[in-house]
1. Could you say whether any residue in region 278-299 is modelled with pLDDT of 95 or more, touching a His at 6+ places or on another chain (Cβ under 8 Å) and under 24 Å from residue 213 (Cα atoms)?
2. Scan region 316-328 and tell me whether some residue there is open to solvent by less than 40 Å² (accessible area, probe 1.4 Å), modelled with pLDDT under 95 and assigned to a loop (DSSP other than H, G, I, E, B).
3. Give the residue that is farthest from residue 103 (Cα to Cα), with candidates limited to residues of region 68-80 that are in contact with a Lys or Arg (Cβ under 9 Å, 6 or more places away or on another chain) and assigned to a loop (DSSP other than H, G, I, E, B).
4. Given the conditions (1) in a strand (DSSP E or B); (2) in contact with a Phe, Trp or Tyr (Cβ under 6 Å, 6 or more places away or on another chain), and given that residue 299 satisfies all but one, which numbered condition is not satisfied?
5. Scan region 208-235 for residues that are farther than 28 Å from residue 107 by Cα and either of a type outside the set (S, T, N, Q) or in a strand (DSSP E or B) (or both) and jot them down.
6. Among 131, 163, which is among the aliphatic types (A, V, I, L, M), touching a Phe, Trp or Tyr at 6+ places or on another chain (Cβ under 7 Å) and in a strand (DSSP E or B)?
7. Scan region 236-243 and tell me whether some residue there is loosely packed, with under 15 Cβ neighbours inside 10 Å, in a loop (DSSP other than H, G, I, E, B) and among the hydroxyl-bearing types (Ser, Thr, Tyr).
8. For region 166-182, name all the residues that are in a strand (DSSP E or B) and polar (S, T, N, Q).
Amino acid sequence: MTTSLTLSDSQQQGGGFDRRKILTGAAALAASAVTMKTASAASVAPLGQTAAPTTASPPLPLGPLSGARYPDARLESMKKPKVSFGPSGFPAFAGTMAVERVATGFRWAEGPVYFPAGRYVLFSDIPNNRIMRFTEDDGHLSVYRQPSMNSNGNTIDREGRLITCEHSGRRVTRTELDGSITIIADKYNGKKLNSPNDAVVAADGSIWFCDPAYGIGGFYEGIKADAEQDKKNVYRVDPKSGDIKMVVDDFVQPNGLCFSPDEKKLYICDTGFTDGPDNPSHIRVFDVDLGAGKLSNSKVFADMPKPSITDGLRCDTAGRLWCSVGWGDPNEDGVRCYTAEGDLLGKIHIPETVANLCFGGQQRNRLYICGSSSLYAVYTSVQGAMKP
């Protein structure tokens, strides 16, 4: 049943309702309905899980790890010591130092990068959809960006700009010096990338990045989606034209990567073991023709002890390769250091699965380590190459 609205003379003349106001209000209401309908049609899914802090238990303690003493037993040399003071032959040993936990409270810390001008480390907390900032001069921890499009790997280019690989964005971006964001790569051959994972920048400004499928496998570290690329490739972005070229297409799941100090070698992890027991868990090394933007002469540089994997790499100035280890035997969690020839020099044991690492500090001798829920640091006796 419908009831009509009837107004008295006094109401029509101003004693009650104003007809013009009712008509105006009705028009506004109709317009709002149209606007709401339009907005609903244009709505998009959230850009990943955001900020669900872990508050059920006390945070892990900061500072030197429990039981630490000098020399720190968490530094293990593969060489027989010739002296009794420290792990001889392993360049992680720097004297009066120990492994420290400098920040904690994350769900999965990844992709650290050091900014010398500000003396801070940026790193991703992927499931919480944010980039964190740790300032080393006063130990302050803050949120740098949220949401971060489920950012993973980060690096810095030769002009001091942040380069970020984004899972839910399925792209590589550059944060300009004025804070604006430029999309570097989000498609190849007209199709969306899978989920860029890690990137490095060469001296000529070219950006090299890997594109596994981890970020589209579910809703925890990205947004579940179908892969549009037939393979999980490694790409190069030309510094002048911006053109994207595939440089390697035979990885199961390409992951962390880094150049040797002279940029004649490129190291790339394959973490395909996560997809099946017969798949690789190793580091490959390629010869680099930087001018032509080509890789050649692929070979396995180092195998990881399965079921462990490595997905983060950095070189020191002498060409030694430092890599993360995790997801397997807890006794292997941490960092490994290899000579340029592939010989294992030593290990740094961390009490959590380790994802990635970078050199930082004013002397480039402090190794920052992303270990699951925490950021760790240890002073070494070497300097990082500091080339992204």
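1. Scanning region 278-299 turns up no residue that is modelled with pLDDT of 95 or more, touching a His at 6+ places or on another chain (Cβ under 8 Å) and under 24 Å from residue 213 (Cα atoms).
2. Scanning region 316-328, I find at least one residue that is open to solvent by less than 40 Å² (accessible area, probe 1.4 Å), modelled with pLDDT under 95 and assigned to a loop (DSSP other than H, G, I, E, B), so the answer is yes.
3. First, pick out the residues of region 68-80 that are in contact with a Lys or Arg (Cβ under 9 Å, 6 or more places away or on another chain): 68, 74-78.
Of the ones still in play, those that are also assigned to a loop (DSSP other than H, G, I, E, B) are 68, 74, 78.
Values: 68: 17, 74: 19, 78: 29 Å.
Ranking the qualifying residues of region 68-80, first place goes to 78.
4. Here residue 299 clears every test but (2).
5. Passing the criteria: 228, 230, 231, 235.
6. On the way: 163 fails: touching a Phe, Trp or Tyr at 6+ places or on another chain (Cβ under 7 Å).
Exactly one residue qualifies, and that residue is 131.
7. Yes: region 236-243 contains one or more residues that are loosely packed, with under 15 Cβ neighbours inside 10 Å, in a loop (DSSP other than H, G, I, E, B) and among the hydroxyl-bearing types (Ser, Thr, Tyr).
8. Residues satisfying the conditions are 173, 175, 182.
The values are calculated or read from the model by the stated rules, or taken from the named source; none is laboratory data. Not measured: the values here are computed from a predicted model. When we count neighbours, we look across all protein chains shown, and the Cβ atoms used for this are built from the backbone with ideal geometry, even at glycine. Surface accessibility is based on the protein's heavy atoms, side chains included, excluding ligands, DNA and RNA. Shrake-Rupley method; radii C 1.70, N 1.55, O 1.52, S 1.80 Å.
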